[in-house]
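A short reminder: the numbers here are calculations on the coordinates, not readings from a lab. The structure displayed is predicted, hence computed values, not measured ones. Please note: Cβ atoms are built from the backbone with ideal geometry, for glycine as well, and neighbour counts cover all protein chains shown.
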Amino acid sequence: MKIRIKGNSLRYRLTRPDIAMLAKDGYLEERIDFGFESLVYAIKIRETQNLTAGYNDHAITLSMSPAMIAELVETEKVGFEQKGEPLYLLVEKDFTCLDQVEEDQSDNYPNPLLAEKK
């Protein structure tokens, strides 16, 4: 799982194993350690109509509904977004990059644009 923060925009990108674990356990988290403190970023499944997010005790937690995660698992749906104030939220499948990168992308979804480049 990756996060991208820019201004009041928060984007989560999920690999295949991330989505499978979230569907199975209802919770997924990563953490970045800064030495004396850590920042946790997580997604939890809960009954909600829209994506929501909160920040508490050094943790960013995004919530999404069971129906949303089921749709990511069972369909070709790329993701969900919530345009709102104060945050713009986006959860999406992590596709392989079109450019050559050194990062391991074996768990990423195939990029649909790759077929267009051939």
Review point. Scanning region 49-64 for residues that are more than 16 Å from I5 (Cα to Cα) and not aliphatic (A, V, I, L, M), which turns out surrounded by the most Cβ atoms within 10 Å (Cβ to Cβ)?
Key: S63
Check your understanding: Given the conditions (1) over 13 Å from V91 (Cα atoms); (2) surrounded by 11 or more Cβ atoms within 10 Å (Cβ to Cβ), which single one is not true for K77?
Key -> (1)
Review point. Which of the residues that make up region 1-29 are in contact (Cβ under 8 Å) with a residue 40 or more places away in the chain, assigned to a strand (DSSP E or B) and farther than 17 Å from S65 by Cα?
Key: K2, I3, S9, L10
**Study point:** Residues of region 49-87 that turn out to be under 16 Å from the mean Cα position of the chain (by Cα) and touching a residue at least 60 places away in the same chain (Cβ under 8 Å), as a count
**Key:** 1
Practice item. Considering only residues that are assigned to a loop (DSSP other than H, G, I, E, B) and in contact with an Asp or Glu (Cβ under 8 Å, 6 or more places away or on another chain), look in region 35-93 and name the one that is nearest to N8 (Cα to Cα). Key: L51
Practice item. Hey, could you check region 1-48 for residues that are aromatic (F, W, Y) and within 11 Å of the chain's Cα centre (by Cα) and say which is surrounded by the most Cβ atoms within 10 Å (Cβ to Cβ)? Key: Y12
